[in-house]
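Colleague: Pasting a structure below so you can have a look.
The values are calculated or read from the model by the stated rules, or taken from the named source; none is laboratory data. Since this is a predicted model, take the numbers as computed values, not measurements. So basically every Cβ, Gly included, is an ideal-geometry build from the backbone, and we count neighbours across all protein chains shown.
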Amino acid sequence: MLPIIKFQEKERIKEIKKQMEDLSKAKEEKSKKKKAKQQEEKRELLDAIFVQGLWKSRLEIEMKLQKQKSKTQKRKMLTSQIKFRQLVLEQSADKKTFQISRFEGKPATVDMLMSNFEILIRLENLPEVEEEVEETLTEE
């Protein structure tokens, strides 16, 4: 009877090890898929920014958006600019600044997106402004 129990124990251990390996492989595969998806999204954003250009001022935003007739197209352009700054440039800002949809997955308005994008532009230029202030202070 004792050899049967030892045999069953060894089989159970083998089974558990196999399950752990399968879980590990599944987790690794999921991670690879997620990374590939992120890379694809970044590539698409790069393509969009290559076509649109990287907007750096309110005047530039208004000029680019005036060329578009539909709100959907304007929203899409602003969304790609915001996501590019978040995912590719890894610009730091409040989580809500990068929000491109409202409650329940409804798209944000063009005005909301424009406001958030202007905040990102100001934040991007903030270090330059701080350096100018520091230089001015050290000169005095």
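Colleague: With respect to Ser115, determine if the residue is farther than 22 Å from Phe50 by Cβ and modelled with pLDDT under 85.
Modeller: No: the conditions fail for Ser115.
Colleague: Next question, about the same structure. Can you tell me which residue among Ala36, Ala26 is more than 30 Å from Glu124 (Cα to Cα) and either of a type in the set (A, V, I, L, M) or in contact with a strand residue (DSSP E or B) (Cβ under 8 Å, 6 or more places away or on another chain) (or both)?
Modeller: Ala26
Colleague: Counting just the residues of region 88-108 that are among the aliphatic types (A, V, I, L, M) and more than 17 Å from Leu54 (Cβ to Cβ), which one comes out surrounded by the fewest Cβ atoms within 10 Å (Cβ to Cβ)?
Modeller: Looking at residues that are among the aliphatic types (A, V, I, L, M) and more than 17 Å from Leu54 (Cβ to Cβ), I get Ile100.
Colleague: Which ones in region 109-125 are surrounded by fewer than 17 Cβ atoms within 10 Å (Cβ to Cβ) and not hydroxyl-bearing (Ser, Thr, Tyr)?
Modeller: Once the filter is applied, which keeps residues that are surrounded by fewer than 17 Cβ atoms within 10 Å (Cβ to Cβ) and not hydroxyl-bearing (Ser, Thr, Tyr), region 109-125 yields Asp111, Met112, Glu118, Ile119, Arg122, Leu123, Glu124, Asn125.
Colleague: Another question about this same structure. Could you say which residue among Ser31, Ser57, Ser80 is exposed (fewer than 12 other Cβ atoms within 10 Å of the Cβ) and either within 17 Å of Ile119 (Cα to Cα) or under 12 Å from the mean Cα position of the chain (by Cα) (or both)?
Modeller: Exactly one residue qualifies, and that residue is Ser57.
Colleague: Name every residue in region 89-112 that is under 11 Å from the mean Cα position of the chain (by Cα) and at pLDDT 85 or above, in order of residue number.
Modeller: Passing the criteria: none in range.
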